[in-house]
Every structure is written in structure tokens, then in C-alpha cells.
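Contents: one structure, followed by commentary.
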């Protein structure tokens, strides 16, 4: 089966074609507005203001990806239906509905978070086994989710205030580093001492699996106000360590509670190498039989390939939706 | 009016007292630097209206909606223009459908990034801090 996937839930406009043969996925086309070289409209430079103009992007991307106008060769259409920003989601959802209706092809509604989780099913010979514990960390999300089987999710915990990626961006801003802040902090942290400053590890003893990063951000601000001379590298390294320690500790707590066969790390923040390495080694130390999975670096951010994979899995269970009635859901839940 | 708070609970108390005066249709601008308690203030207001789910920062999502169950009032719109780099990015968000409507109370963080490209404010609240003490000025 070959599926066309459309993702417009936040800043990125993305289109992908992915096929599944005997349970193996092959990425045939994948294109992102942030990487596309579409010169016609903006004369070569894509202004920042266009980032969320999905309506202007989506057809040039479809053309660039070589999607045939009659849908020839496409067996189904997958679209991100939520969660996200309503006017952004609507562009993708309405296009998906229109194409499915016009081409008379089945339509699959994918949850954006489900897409991130399925990013680890790509480019691997050993996909996660169930139950799988999923830590999803991005600019807008910080969630621990138990996946009991394909399509079966249980929300274990989430952030009560700021998402982890947001904390990275805002601390970067406090430090005068450019946006997006995650990679900048990681780079600065390489030169710094992670034990230099004792920032809080929020909610470690909260007794649940929720997170909170707002207080950590404030702790960095207060530190910057108090200290006369500061080291951006030491602050970056110490802040990053506080976030990583929090994730490792909460994930180990979740493992104790749910006894998973595998752990999945996904989302934009999963590109953080210290987080990947620390989480993997801590899990190995706790129980060597639990496998660890993280996506290719190219698939950590928002993309349509992950929506295609989640969509193919749903299509294989015939979980289709009616193109006449599907509505974008900004608060869509996994479970 | 000027309030002084020392922790999140006190900030939420000030927000509750402010929320008590709201009737619907208000557009409240929240001014203040990172970590000053703007989102905590909105959390206090949402809790006053019986919204018990976590109130999260809308910095990434830009708009969060909190549905409430008070006669004549449908929702709190929690808007954050932190990631907006140019006022022309506001119109694709289609906020005018909801902001200022009589069944909606809108709180806007980083309104200065919209430079007049959004609904005018009915209230302006300023968040500052000195030596760990927070000052909340409601105008």
C-alpha cells in the first residue's frame, strides 16, 4: 500500500509518500516547507513571516513532490487532524478530505503525537515490541505515553506548564542565543561544566509522572539576575543536565510502573545527544532486556513521513474516516 | 491597582480576584519578561472559572482554549505571541472570530509583538519583579 500524507499542524508544511510492503516502510517522497527550494513565490528567500502560511505552501509542495493530479498510484490519504493550531490544521485536513473524496480513496486521520511515536518504525530492522513506553518531547509537547499495542495508548503523564523544547528556547533567549534554542544550548553545553550550577530538577518526587519546566526557566532567570559574571557554557550545560536528569528519572519511574518491553524517545528534543545517550545507558543499567528506540535525526522534527507511517498502520486496520465529516481537532487526544 | 506576590499561589489569588470582575468579552494584555508569572496568572483565572485541567504555556501552540461551564461564558482564550516575529503573521491565525466575543475572555501574552494587529485591550496587566518579589499592576 502507498499512502500520501499531509502535515500542517504547526509551523511546518509537509508532504510525503510512503509505501508499506510486507511490513517494511519505504520513503518514496518527503518534502518540508522549511527545506524546500521553491523560489517562484518568494524570489529565492523564504521570509520568516511565511512560515505558517500553509495555504501558500501546500500546492507548490505537492507539485515539487510530483503527486499526480489524478492520484494515480496512491492507495490512501493520511492527514494530521490534531492536536495543533486550528487555522494551520484546517489547511491540511481540508486538502486531505478533498483529495480523498475526488480520488475516491480512503482517508485516515492521524494524531500528530502518534506520528512522532511511529517515527522510530522507520529505517530499522528491529522496531519496538509491546508494551512500549514512549517519551515524547518537542517544542509543544512533553508526554509519557504507554503504547500497549498498535493504536492503543494510555497517557501516563505530561507537562503541567512549559514543554521541554519551549524551556530550551526560552532559556536560550535569556542567554542571548538565537532561535531555535535547543541546538544552540547543546552546542554551548559542550564547552561547559554540567555540575557548575545546581538548577532544580522539578517534580522528581511528585509521586506521579507529570513534568514541570516553568520553574527551571525561572531559576535560570533568577541566576542571571543575581550573578555578576556568568558563563553561558556552564549555564547551558547545567540547565541541559537538569532537563536530562528529569527525563531519565521520570522514565525510570514509568518503567518500574509499567514494565515495558521497549522505550521510545521521539519529538524534536529527541535530537539532543546527551538526552539520547543518558536515557539509553540508564535503561540498559536498569534492565538490559528493554530495548531503546529513537528516530533518525532527520525525522525528529515535524514531518509528513511519520504521519504516513502512522497512517499506513491505521489503514492496515481499516481505521478510515469519512471525508465529508472529518474536522480538525486542536485538542485531539491519543487516549 | 498594584499587587505584590511572593509565590505562585499568591499570584493565582490575585488572578482569582481579577477573574471575579470579568463578564465576558474582555481582552486582557499581559506584559512582562520570561518567568514573571503571566501564565500562572491565567492559570489562576481559569481555575476561578472551574477549569481544572492543566493550563499550559501557549508559547508554542500560540492559542490555547479553556472551555468553561458558566452561564453566558463559553471559553477562555489563552493567546501568546512570543513566537510571532512580524505582525503580518497574526492574520493567518484567524483570531478575530473569537477574540472580544461576549462569551469569550481573552488573555494575550506578548501583545507588544502584534503591534496593533489584534483586538484592542480592555485591561492591561504589567508583571515585574525586584529581589524575588513580584509586582502585578492591573490597569
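The values are calculated or read from the model by the stated rules, or taken from the named source; none is laboratory data. Predicted model, so just to flag it, every value in this text is computed and none were measured. Cβ coordinates were reconstructed from backbone atoms using ideal geometry, including for glycine residues, and neighbour counts include every protein chain displayed.
Details
- Some residue of region B:117-136 being at pLDDT 90 or above and within 16 Å of residue B:74 (Cβ to Cβ): no
- Candidates A:248, A:263 - the one that is within 29 Å of residue A:287 (Cβ to Cβ), assigned to a helix (DSSP H, G or I) and in contact with a helix residue (DSSP H, G or I) (Cβ under 6 Å, 6 or more places away or on another chain): A:248
- Here residue A:305 fulfils each of the conditions (1) in contact with a helix residue (DSSP H, G or I) (Cβ under 8 Å, 6 or more places away or on another chain); (2) not assigned by TED's automatic domain parsing to the domain that holds residue A:112 apart from (2).
The rows are residues; the columns are (1) closer than 23 Å to residue A:254 by Cβ; (2) surrounded by 19 or more Cβ atoms within 10 Å (Cβ to Cβ).
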{"residue": "A:271", "(1), (2)": "yes, yes"}
{"residue": "A:289", "(1), (2)": "yes, no"}
{"residue": "A:292", "(1), (2)": "yes, no"}
{"residue": "A:303", "(1), (2)": "no, yes"}
{"residue": "A:314", "(1), (2)": "no, yes"}
{"residue": "A:317", "(1), (2)": "no, no"}
{"residue": "A:322", "(1), (2)": "no, no"}
{"residue": "A:331", "(1), (2)": "no, no"}
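- Checking A:217, A:173 one by one, the residue that is without any contact (Cβ under 8 Å) to a residue 40 or more places away in the chain and within 20 Å of residue B:58 (Cα to Cα) is A:173 and no other.
- The sole residue among A:249, A:231, A:238 that is closer than 30 Å to residue B:128 by Cα and either surrounded by fewer than 18 Cβ atoms within 10 Å (Cβ to Cβ) or not assigned by TED's automatic domain parsing to the domain that holds residue A:290 (or both) is A:231.
- Exactly one residue among A:182, A:165, A:176, A:157 is out of contact with any strand residue (DSSP E or B) (no Cβ under 9 Å at 6 or more places or on another chain) and either surrounded by 19 or more Cβ atoms within 10 Å (Cβ to Cβ) or assigned to a helix (DSSP H, G or I) (or both), and that residue is A:182.
- Selected residue [within 29 Å of residue B:77 (Cα to Cα), modelled with pLDDT of 95 or more and either within 14 Å of chain B (Cβ to nearest Cβ) or surrounded by fewer than 24 Cβ atoms within 10 Å (Cβ to Cβ) (or both)] from A:136, A:85: A:136
- In region B:126-139, the qualifying residues are those that are surrounded by 15 or more Cβ atoms within 10 Å (Cβ to Cβ) and out of contact with any helix residue (DSSP H, G or I) (no Cβ under 7 Å at 6 or more places or on another chain), and the one that is nearest to residue B:26 (Cα to Cα) is B:126.
- Scanning region A:158-167 for residues that are over 15 Å from the mean Cα position of the chain (by Cα) and more than 7 Å from chain B (Cβ to nearest Cβ) yields a total of 1.
- Count of region A:213-233 residues which are more than 10 Å from chain B (Cβ to nearest Cβ) and within 11 Å of residue A:199 (Cβ to Cβ): 1
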